[in-house]
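Quick notes on the structure that follows.
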Amino acid sequence: MRHQANPWITSNLWLLSAAMLPAIILIGALLYFTGWAFTFSFTDLGLTGRKAVEWSWVGFDNYERLFTRRGGFVDSFWTTVTFVFFSAIVGQSLLGFLLASALRQTYGTLRTVVEVAIMLGWLLPDIVAAFLWSATTSQTGLINSLLIVPFGLKPVNFINDFALPVVTIANIWKGTAWSYLLFVAALDSVPREVIEAAKIDGATRFQRMWMVVLPMIRPHIATNMLFITIWTFTYFPLIFAMTGGGPGKATETLAVFLYNQAFGRGNLGFGAAISVAMLIIVGLLSTVYLRMLKEPK
Amino acid sequence: MERTGLSRPMAIALGLMALVWVSPFAWLFGNAFDNASVGRLNWPAEFGIDNFLHAVSGDAGRMFINSLVIAAGTATISTFVGICAAYPLSRLRMPGKNALLWTLVLLRMLPAAGVLVPIYFTAQRAGLLNQLGVMLTLTVLNLPFTLLLLKNFFDTVPIELEEAAYVDGASLWQIVMNIVLPMSKAGIAVVWFFSFTGAWNEFLLPLIFSRVEAGFPMSVGLYAAFGRQGSIDYGFLTAFSIVYAAPAVGVYFLLRRNMNTGFAGVGVKG
């Protein structure tokens, strides 16, 4: 607003608009793709074969299928909820917060070591992380070699027997750094004097955290929740590369389900319906978090 | 030497946690430096760097180049398009522009797999099932985030400097090139790096877009190799993984200070 009267801007309006054109076209493409997904969710379009050319409108059939098929969308939805809850909310967010608040008191080597360790997971490409964790949890892998076999037990095939916990842990390992960094920035924004004052007033460590610090960093918590919930909700490569959704459908989260339906089985129309349903869920989640962000109690 | 407010048990616990965190890498390095690797958790039986030599030559080398082209291309296109649009966005008065940007970011939060179907169809029609298609698609998907970040960075450039330059007779071009861009260097580096690593790590799009093995980037190559049943060459794959992971990790630690600044910018501007 304050920039409106700037002559070098106002005399170059055409040039500036022209500069924005490529971005506008690409954003237009994004909107077009979203609209397309919505439209074709009402058709039986296929990836290959006859249905790829001669598709027809099927009304709400695809949406009905979401709720009527056994072992389909609904099961996949609950798998996703479990995965998101344990890996993002409990795992990454809580662990990231605990680490940030513990390491806040120190600036030494220990802090650098811990930071580098968790950053390595975050920076590692998804597929490398998947490969690494498949190997770590395999029958001859690190966990079996160090924790199971030395105690005279039989090696466990973790990725087969405990698929969902394994991918959950792998995702915590991979993603905690983001929450950690965000909470470090959040805790730095709390003035030291406020905490000191609470201390002098006799607040215990727990009270200081619960009643002073947490309310102050509420916007950060909401932002973090918003990002990691949605990311995890739609996260694909790690699970897909580790298990492909299996064994059976044990780790088939919605993103994997969508891929398997649309590109594995070639039901593009049904796939589009799944993505619209995911978009609605993501939209609802965002509204909840944004409300948390905006309205302090 | 430093103000350590940690109790000893706490410090030990944290140290142990860091150790657990990096422990999976033991297997990775143990096998990569073992010329006779069999994929077990062992000290290298035959220490050497043969695996790394394989991981940068022949097919593997070509995948490295493919990844590099896709990542650098995507990062450069999206940063360029982003800068061109973000400066006007930052300086012009437009009602609801922040709301618009956030809506786009949220829209972008929808599962990539969701828009993949229409993207695939469009690319097929346009003959873009190739690296250029991957780059353009990734740019489309990155753009909302890139725009938001760059606009936030341009917002922090003091308008007074631009005013002074204008009074001294500088044109818009000179103002942008000599004041705005140099002052947002850190931000631009962060945006470029984010797009670069995003594209470097990208798996799903190239998986669907690459029709021929010659076009595979490293992510798809690695997936194809370890998904293959039968004889898995662990020595090669571990070395390949390290080569694949190295640029993203390396660049991060080079740009660490910038990163954290940029990060603060992403986090909490609402």
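The values are calculated or read from the model by the stated rules, or taken from the named source; none is laboratory data. Bear in mind the structure is a predicted one, so any value in this text is a computation, not a measurement. Reconstructed Cβ throughout: ideal geometry from the backbone, glycine too, with neighbour counts over all protein chains shown.
Any residue in the range A:11-26 that is more than 13 Å from every other protein chain (Cβ to nearest Cβ), out of contact with any Gly (no Cβ under 6 Å at 6 or more places or on another chain) and aromatic (Phe, Trp, Tyr)? Checking the range A:11-26: not a single residue is more than 13 Å from every other protein chain (Cβ to nearest Cβ), out of contact with any Gly (no Cβ under 6 Å at 6 or more places or on another chain) and aromatic (Phe, Trp, Tyr). In the range A:201-220, the residues that are more than 14 Å from chain B (Cβ to nearest Cβ) form Cβ pairs under 6 Å with partners that are of a type in the set (A, V, I, L, M, F, W, C) and surrounded by 16 or more Cβ atoms within 10 Å (Cβ to Cβ), at six or more places apart or across chains, as follows: A:Val212/A:Ala198; A:Val213/A:Val190.
Has the range A:139-153 got at least one residue that is crowded, with 21+ Cβ neighbours inside 10 Å, within 11 Å of chain B (Cβ to nearest Cβ), modelled with pLDDT of 85 or more and in contact with a Leu (Cβ under 9 Å, 6 or more places away or on another chain)? No, that holds for no residue. Could you say whether any residue in the range B:108-118 is within 10 Å of chain A (Cβ to nearest Cβ), surrounded by fewer than 17 Cβ atoms within 10 Å (Cβ to Cβ) and aliphatic (A, V, I, L, M)? No, the range B:108-118 contains no residue that is within 10 Å of chain A (Cβ to nearest Cβ), surrounded by fewer than 17 Cβ atoms within 10 Å (Cβ to Cβ) and aliphatic (A, V, I, L, M). Any residue that is in contact with a helix residue (DSSP H, G or I) (Cβ under 6 Å, 6 or more places away or on another chain) and either modelled with pLDDT under 85 or farther than 27 Å from A:Leu45 by Cβ (or both) - is there at least one of those in the range B:132-139? The answer is no, given that none of the residues of the range B:132-139 is in contact with a helix residue (DSSP H, G or I) (Cβ under 6 Å, 6 or more places away or on another chain) and either modelled with pLDDT under 85 or farther than 27 Å from A:Leu45 by Cβ (or both).
A:Val84 meets the stated requirement of being surrounded by 18 or more Cβ atoms within 10 Å (Cβ to Cβ), of a type in the set (A, V, I, L, M), touching a helix residue (DSSP H, G or I) at 6+ places or on another chain (Cβ under 8 Å) and more than 9 Å from chain B (Cβ to nearest Cβ).
Does A:Gly271 satisfy the condition of being part of a helix (DSSP H, G or I) and under 24 Å from A:Tyr63 (Cα atoms)? Yes: the conditions hold for A:Gly271. Residue count for the range B:239-270 satisfying the condition of being of a type in the set (Gly, Ala, Ser) and modelled with pLDDT of 65 or more: 6.
The condition of being surrounded by fewer than 14 Cβ atoms within 10 Å (Cβ to Cβ) and among the small types (Gly, Ala, Ser) does not hold for A:Gly91. Only residues that are more than 10 Å from chain A (Cβ to nearest Cβ) and either hydroxyl-bearing (Ser, Thr, Tyr) or in a helix (DSSP H, G or I) (or both) were counted across the range B:151-204, and they come to 30. For the range A:30-50, the criterion of being in contact with a helix residue (DSSP H, G or I) (Cβ under 6 Å, 6 or more places away or on another chain), under 21 Å from A:Ile228 (Cα atoms), more than 8 Å from every other protein chain (Cβ to nearest Cβ) and surrounded by 15 or more Cβ atoms within 10 Å (Cβ to Cβ) is satisfied by no residue at all. Report whether or not B:Phe236 is crowded, with 19+ Cβ neighbours inside 10 Å, of a type in the set (Phe, Trp, Tyr), modelled with pLDDT of 80 or more and in contact with a Leu (Cβ under 9 Å, 6 or more places away or on another chain). Spelling it out, it is not the case that B:Phe236 is crowded, with 19+ Cβ neighbours inside 10 Å, of a type in the set (Phe, Trp, Tyr), modelled with pLDDT of 80 or more and in contact with a Leu (Cβ under 9 Å, 6 or more places away or on another chain). Within the bounds of the range B:225-247, is there any residue that is of a type in the set (Gly, Ala, Ser), assigned to a helix (DSSP H, G or I) and under 10 Å from the mean Cα position of the chain (by Cα)? Checked the range B:225-247: no residue is of a type in the set (Gly, Ala, Ser), assigned to a helix (DSSP H, G or I) and under 10 Å from the mean Cα position of the chain (by Cα). Test A:Ile280 against the criterion of being under 24 Å from the mean Cα position of the chain (by Cα) and crowded, with 16+ Cβ neighbours inside 10 Å, and give yes or no. Taking the combined requirement at face value, the residue does not satisfy it. Screening the candidates A:Val166, A:Val149, A:Val156 for the property of being in contact with a helix residue (DSSP H, G or I) (Cβ under 7 Å, 6 or more places away or on another chain) and over 30 Å from A:Ala273 (Cα atoms) yields one hit, A:Val156.
Conditions tested, residue by residue: (1) at pLDDT below 80; (2) not polar (S, T, N, Q).
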| site | (1), (2) |
| --- | --- |
| B:Phe33 | no, yes |
| B:Ala36 | yes, yes |
| B:Asn42 | yes, no |
| B:Phe52 | no, yes |
| B:Arg62 | no, yes |
| B:Ala71 | no, yes |
| B:Thr79 | no, no |
| B:Pro88 | no, yes |
| B:Arg93 | yes, yes |
